[in-house]
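Notes follow the structure.
Bear in mind that the values in this text are calculations on the coordinates, not laboratory data. Keep in mind that this is a model prediction, so the values were computed, not measured. Every residue, glycine among them, receives a Cβ derived from its backbone with ideal geometry; neighbour counts consider all protein chains shown.
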Amino acid sequence: MFGWSASAYAANREVSQNARVLQRSFGASSAQIASTLKLAIQHEQDLVVNAAAFLAANPDARPAEFLSWTKSVRAFERYDELLSLGTMALVPASELPAYAARMSRPGQPFKVFPSGVRPFYCFVAASVSGPSHPGMASAPTPGPGLDLCAAQGATASLAIRDAGVGSYVPYGPMGLAIQTPYYRGGVVPKTTTERRQAFLGFFGTLINPQAVLESALKGHPGMGVTLHYQAAGSNVAFSMRVPHAAAPALVIDLGNSWTAETVGASAAAGIFGPGTARELLLGGSAVSLLLALLVFVLGTGRARARRMLHLKTAEIRYQALHDGLTGLPNRALILDRVQQALARARRNDTSVAVMFLDLDGFKGVNDTFGHAVGDQLLRAVGTRLAGVLRGADTVGRLGGDEFVVLLEHASLAAGADEVAERIQAVLTEPFNLETPELLTLHTHASIGIATGLRDSADEFLRDADVAMYEAKATGKNCYVRFAAEMHVAIQDRLELELDLFAAIDTDQFFLVYQPTYDLREVTMTGVEALLRWQHPTRGLVMPDTFIPMLEETGLIIAVGRRVLAEACRDAAAWTRRGTPLTVSVNVSGRQLDNDVDLRHDVEAALGGSGLDPAQLMLEITETMLMRDAVVSAEKLRALKELGVRIAIDDFGTGYSSLAYLQQFPVDALKIDRTFINEMVTSPEGGALIHTFVQLGRTLGIQTYAEGIEERDQLERLRQEECDHGQGYLFARPLMPEAISTLLGNSADVDNERGKAAVPRQGNRGLDAPRPQPT
């Protein structure tokens, strides 16, 4: 009996050892397969890093440039599993018109599909597909206007942008997709606020999962694997070489909702068969012992674990509902509180008020002093707003420089207007910010107020937002109550904004020219190109209405390019007829920001028309130049290298500083019409004109007077020896054909009476009919 027992013990020991060897082998193989799968994901990250560096350095890269980069890094040669790659833009609704303008091509207007108004849109900006793989359909190429976020929303993409970490998720039943954000500078900023500010777009790749699985199983014959993704609303699996169900399996967590289930081949019956009860019993006992030890450890630390879990959950919840910069409630919590306030107001038959605040001139703070100072100012504003409200009220930050205030109950006893006045009063007090040198800033806000009840919190915020924009349009630093007719104005503006795109495609824009005269001789020396819009149903739309829209949407870049080209062509034509003129063209802030493109546009306009560069004058407002005087001076010098002339437009309305004028390589100052109007009616106005003209004379810069409408104004300007002028006294803006006529009928100075004889084509009841004034 003892011998049998010893033999049985030895046999059982041998069987157990063999089982442990096979189990260890299976476990090692499973770990290697899982590791290979993880490495495959990291391998894709190498491509992502390269792409982020390229895209950060070339944020406006065209599809052809992206294709060239793809070839240069040999993407499809180095990554066999790669099906396609591309970039995706996350476009807020406010920036959709500008994005559509950039993406439109001649004969191919950009159209959003599916249609509809959404807070954010996700568009493929550039994509490249690789060679087809056996058993795989070719990678689809989304159309330029296909909104990839239309079905699921942009929540996931916004979370990826804010986290700075890419996602690895299934793409349909047969693909894997990697979506990674990239930022200005090519690195991931440290904080959520900085990531939002530096965010440029997404780089994505589409992967063949079968190629990834096949690579992971190399060197492991008889093994199979299933790559499984399970998250909210998604349950997808990719499998390869999975044996029968009785084979041993091991599930390994790869993180981010991914698991790898490895499956081994069937083993001999002596190991896993029905005759191994003792081994299974021993194995079960060992497992039970391990579980008992685990329960013991968890039991002794249960209270601590619960405390940690509670604290972590509270922290996560707080972060999800509060702004990371100011600590105030964020949009999600604001909407929830507004919804609750509406429910209480309906039960109690009371009212609610929502205020939408936007700081006036905040962008200038960021541009001048940097984002760190801007962040300090936002935190200080949040503190002051919270301090001026009652405890039951809510103040939150939506993002940027936008704040929301929710008022209920006692706060509305004196009216929302009184609260708005208190807010404006507290914001006008100076802000002392901690910088290397103590910095004192002054700010104020435009406030929109919506009161009463609404069907939803979103509708309440929308109406307050509409009123805030009305406050901005009114002149800023004020508050405006929402009125229903404001929606009509907003809708009209949106329709007009959409019509701008059609205006470009169908050539609805045209140029008129206002003549400029030498004031000493009263002879025509140049023209200023002015843009007009002939709308098919609205008729003539004036620049004050549509120029700001062109600026906001970014369409001013394309329109400005056409204006330059057309103005140079017309001036060149007049020159060929023997009457050379200087043509002045206004340059917008958007164009100057893209100074490389502006320089290229100027070169193209001059080269295409054959116009002498000295005959082209670019007009830039002094306010625009002073956003960053040093950078502006460099940009002007680059333009001057082309041989063109530079004029400061609306001179006197901004800084009018001798110090900055000495920095800028300018040829002319255009004195704003407001000073011309006051010149003969007030001593101060006349003194300012004298100062401006003498300043130009001292610096060797010519002076131009805008808006001359009376003979008394002309005489005073001639006495001050102002060089040039324009205005209705001479001529209204004219069509190009009328300018040609005017060139042949200009008048000279009436030397006998010492007064200027105004050209017959001017207004003021002069004898000749006006040719096509606009």
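Based on the Cβ-Cβ distance of Arg697 and Ala614, what FRET efficiency does E = 1/(1 + (r/R0)^6) give at R0 = 25 Å, to the nearest 0.05? List each step's numbers first, then the result.
Working: r = 21 Å, r/R0 = 0.85.
Here the calculated transfer efficiency is 0.75.
Spacing of the modelled spin labels on Ala489 and Ser257, each 7 Å from Cα toward Cβ, amounts to 4.5 nm.
Indicate the gyration tensor shape class of the range 378-482 (rounded, prolate or oblate), computed on the Cα atoms with a ≥ b ≥ c the square roots of the eigenvalues: a/c under 1.5 is rounded; otherwise a/b larger than b/c is prolate and the rest oblate. Cα axes put the range 378-482 in the prolate bin.
Pairwise over distinct Cα atoms, reciprocal of the mean inverse distance: report the Kirkwood radius of the range 164-237 in Å, one decimal place. Please list the in-between numbers first.
Details: mean 1/r = 0.0681 Å⁻¹.
The Cα-based Kirkwood calculation yields 14.7 Å.
Couplings 3J(HN,Hα) for the range 721-735, derived from phi with the Karplus relation 6.51 cos²θ - 1.76 cosθ + 1.60 (θ = phi - 60°), are 6, 5, 6, 9, x, 8, x, 5, 4, 8, 6, 6, x, 10, 5 Hz, where x marks Gly and Pro.
Each Lys or Arg adds one and each Asp or Glu subtracts one; over the other residues with Cβ under 11 Å from the Cβ of Gly696, this totals -2.
What FRET efficiency, computed as 1/(1 + (r/R0)^6) with R0 = 56 Å and r the Cβ-Cβ distance, is obtained for Asp458 and Thr579, rounded to the nearest 0.05?
Details: r = 60 Å, r/R0 = 1.08.
With R0 = 56 Å, the Cβ-Cβ based efficiency is 0.40.
Please list, by residue number, every one of the chymotrypsin sites (Phe, Trp or Tyr not before Pro) in the range 365-443 that is coil in DSSP and has at most 15 other beta-carbon atoms within 10 Å. Write down the numbers at each step before the final one.
On the way: sites: Phe369, Phe403, Phe431; in loops: none.
Nothing satisfies the criteria.
For Gly222, no residue 5 or more places off, or on another chain, has a built amide H under 5 Å of its own. Charge tally around Ala163: other residues with Cβ under 13 Å, Lys/Arg +1 each, Asp/Glu -1 each, net +2.
Cross-link pairs exceeding 22 Å between alpha carbons, from the set Lys363/Lys472; Lys640/Lys670; Lys71/Lys111; Lys363/Lys670: Lys71/Lys111; Lys363/Lys670.
The GluC sites (Glu not before Pro) of the range 385-455 that meet both conditions, a loop assignment by DSSP and at most 14 other Cβ atoms within 10 Å of the site Cβ, are Glu434, Glu437. A simple spin-label model places the labels of Asp597 and Gln662 3.6 nm from each other, with each point 7 Å out along Cα-to-Cβ.
Charges at C-beta only: +1 for Lys and Arg, -1 for Asp and Glu. How large is the resulting dipole of the range 405-491 about its Cα centre, in Debye rounded to 20?
180 debye
What does the charge add up to near Asp323, with Lys and Arg as +1, Asp and Glu as -1, over the other residues with Cβ less than 13 Å from its Cβ? Summing Lys/Arg as +1 and Asp/Glu as -1 gives 0. Considering only Cα atoms, the convex hull volume of the range 570-688 works out to 114 Å³ per residue.
Specify the inter-centroid distance of the range 503-532 and the range 583-618, based on alpha-carbon positions, in whole Å. Cα centroid to Cα centroid, the span is 15 Å. Gain on full extension, evaluated as 0.36 nm per residue between Arg390 and Glu634 minus their Cα-Cα distance, stands at 82.8 nm.
The GluC sites (Glu not before Pro) of the range 592-677 that meet both conditions, a loop assignment by DSSP and at most 11 other Cβ atoms within 10 Å of the site Cβ, are Glu641.
Can you figure out the FRET efficiency of Glu551 with Lys363, using R₀ = 22 Å and their beta-carbon distance, to the nearest 0.05?
Numbers: r = 13 Å, r/R0 = 0.60.
Calculated value: 0.95.
Mean sequence separation of contacting Cα pairs (under 8 Å, at least six apart), scaled by the length of the range 329-420, corresponds to a relative contact order of 38 percent.
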